[in-house]
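First up is the structure itself, then whatever we jot down about it.
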Amino acid sequence: MLVVDGHSMIFQWPELRALHAKTTASAREHLARLLTRYQDSSGTHVCVVFDGKGDRSTEEKNPGGIQVFYSGSSKTADSVIERIVAAYSAKYEIVVATDDNMERTTVETFGGSWISSEQLALEMRGADADVSARIDRLRRR
């Protein structure tokens, strides 16, 4: 399972940072589309967590899509990520994508591992290349 610190990716990836400068919602939606494509091409279950609004944490999931969590105004995305890792790391291999050093340490304490925003971008490009190569092989048959 891959758990993504949404705003960490938005502020580290230039394309998303530029979208965020216009509207936060556009950057979030674009990141969710990129992560859905990654989930589809890699087979890795993906959750993305954003600092949210409203009184409590919420979850959105489209059929076949990734899970999207909003922390709610009384919590942070980091606290939601930590809860996910603490609850599921004994059963599943959990990798958290974040550039937050404190979050990385906490994730490791709970039994998860982490990758940077740059490493996630490389993983996503690799998954896209794998799918493209499979499609090319099928076309040549």
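In a simple Cβ point-charge model (Lys, Arg +1; Asp, Glu -1; nothing else charged), the chain has a dipole of about 660 debye relative to its Cα centre. Rounded to the nearest whole Hz, the Karplus-based 3J(HN,Hα) values (6.51 cos²θ - 1.76 cosθ + 1.60, θ = phi - 60°) of region 77-83 follow the sequence 4, 4, 5, 5, 4, 4, 5, with x at glycine and proline. Here the label points at residue 45 and residue 113, each 7 Å from Cα along the C-beta direction, are separated by 1.8 nm in the simple model. Summarising the strand pairing of the chain, around 20 percent of its internal DSSP beta bridges are antiparallel.
Taking only C-alpha pairs under 8 Å that are 6+ residues apart, what is the relative contact order of the chain in percent?
So the answer I get is 24 percent.
Its Cα gyration tensor gives the chain an equivalent ellipsoid; the semi-axes, largest first and in whole Å, are 26, 18, 14. Between amide H atoms placed 1.01 Å from N, distances below 5 Å from residue 115 occur with 96, 97, 98, all of them 5 or more places distant or on a separate chain.
FYI, it's all coordinate maths here, none of it is from the lab. What you are looking at is a predicted structure, and each value in this text was computed from that prediction instead of being measured. Positions of Cβ are generated from backbone atoms using ideal geometry, with glycine treated the same way; all protein chains shown enter the neighbour counts.
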